[in-house]
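The values are calculated or read from the model by the stated rules, or taken from the named source; none is laboratory data. Remember, it's a predicted structure, so these values are computed and weren't measured experimentally. Cβ placement follows ideal geometry from the backbone for every residue including glycine, while neighbour counts extend to all protein chains displayed.
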Amino acid sequence: MRIISPPELKDFCETSTTIQDASMVRTLDVYDGMAKLAIKKACEPRTTGKITKCVADFNNGMIKEQRDIDYV
């Protein structure tokens, strides 16, 4: 098992991605259905650096915030 860690903007690997829109740049790392989404750049400085734990199911096209009931 490997540690899930959102990459820096300058890093790249096969399981990570950079998501960019008009106001934020986020990075995502996924492994075995678990994911972490990090805000790397944002217009609002207080949001930069926040990491959200997620559940990812790319077969069904879903990424959602993790809840306690997801891994019971």
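Points worth noting:
- The conditions of being aliphatic (A, V, I, L, M) and modelled with pLDDT under 80 are not met by I4.
- Filtered by the rule that a residue be surrounded by 15 or more Cβ atoms within 10 Å (Cβ to Cβ), over 16 Å from E8 (Cα atoms) and not hydrophobic (A, V, I, L, M, F, W, C), the stretch 32-68 gives a lone residue, Q66.
- Selection within the stretch 7-28: residues that are closer than 17 Å to A56 by Cα and among the aliphatic types (A, V, I, L, M). The member of this set that is modelled with the highest pLDDT is L28.
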